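Quick notes on the structure that follows.
None of the figures in this text is laboratory data; all of them are computed from the coordinates on show. Not measured: the values here are computed from a predicted model. Note that each Cβ is placed from the backbone with ideal geometry, even for glycine, and that neighbours are counted across all protein chains shown.
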Amino acid sequence: MTAGSRPLPSVSNEEALWAAGRRYVAGVDEVGRGPLAGPVYAAAVILDRDRLPEWLGEVRDSKELPAPERERLAAAIRVEALAYSIGWASVAEIDSWNIAVANRIAMGRALDGLKQRPSYVLIDGPSTIGGPLPQRAIVDGDAICASIAAASIVAKVARDAVMCELDRLFPVYGFASNKGYATRNHLASLEEHGACVYHRRSWLAVQRRAGLLPLESTATDAAR
């Protein structure tokens, strides 16, 4: 592997579990942890060990793929995976519970929605989500584990579609292009128009830019 290159997703983790009798291995990933607005989404994907599809060699961490490729692969995954499901946590839930809890809730909902109960779960990130299913967390799982990479693509395409719909409802924030992330134009729109109902009001950046903090709090935070 050349310097600076990333490994490609493979089914090595899945194959080890299949060989151990774990037929239904679900890969899980979330998207939308960092934005200032919009829900957090997660997807769970179970690959068919007996009929691995041709597109499997094309899956990558969703952030590495251009939008048309993500959309094409997401459509193929939804049709040809043994099972897939999408879950999410709302902005209200993010503000009430915090983003870490909301992430786990979204991933749990994705798993609960699968038509086939998983016999093992592979989760992107440093920690598991709890619950009765046997599971393992894989750091950078979306870069090295095929089922997690597939889940990242499905989740990203689903959330992007939601943000494009929110852009039609609240066009001043540019959600279709920024997907809720803290771009310069998005921050400027928050300062000009304030926060909408889909902004995460518990987030300090939203509070600062939308004028939701007392002046003394803003001054103190700016000095940090």
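For the reader, a short list of remarks on this structure follows.
- Normalised contact order of the chain, rounded percent, pairs of Cα under 8 Å and 6 or more residues apart: 27 percent
- Calculated [θ] (222 nm, deg cm²/dmol) that DSSP helices of n ≥ 4 give over the chain, each run adding -39,500 (n - 2.57): -13000 deg cm²/dmol
- With a simple spin-label model that places each label point 7 Å from the Cα along the Cα-to-Cβ direction, the separation between Ala75 and Ser202 comes to 3.7 nm.
- Angle between the chain longest axis and helix 146-169 axis [Cα atoms, degrees, rounded to 10]: 30 degrees
- Ranked by the mean number of other Cβ atoms within 10 Å of their residues, highest first, the peptides 55-64, 126-135, 90-99 come out as 55-64, 90-99, 126-135.
- Sum of side-chain charges, Leu73 neighbourhood, beta-carbon under 14 Å (Lys, Arg +1; Asp, Glu -1): -4
- The residues packed around Asp167, meaning those with a beta-carbon under 14 Å from its beta-carbon, carry a net charge of +1 if Lys and Arg are +1 and Asp and Glu are -1.
- Distance between the pseudo-spin-label points of Glu54 and Phe170 (7 Å out from Cα toward the beta carbon): 4.3 nm.
- Residue-count net charge about Gln135 - beta-carbon cut-off 12 Å; Lys, Arg +1, Asp, Glu -1: +2
- Simple spin-label estimate for Ser96 and Ser12 gives 4.3 nm between the two label positions (7 Å along the Cα-to-Cβ direction from each Cα).
- DSSP bridge pairs, the chain: antiparallel proportion in percent, nearest 5: 60 percent
- Listed by chain and number, the lysines placed with their C-alpha closer than 26 angstrom to that of Lys179 are Lys63, Lys156; residues fewer than eight positions away on the same chain are left out.
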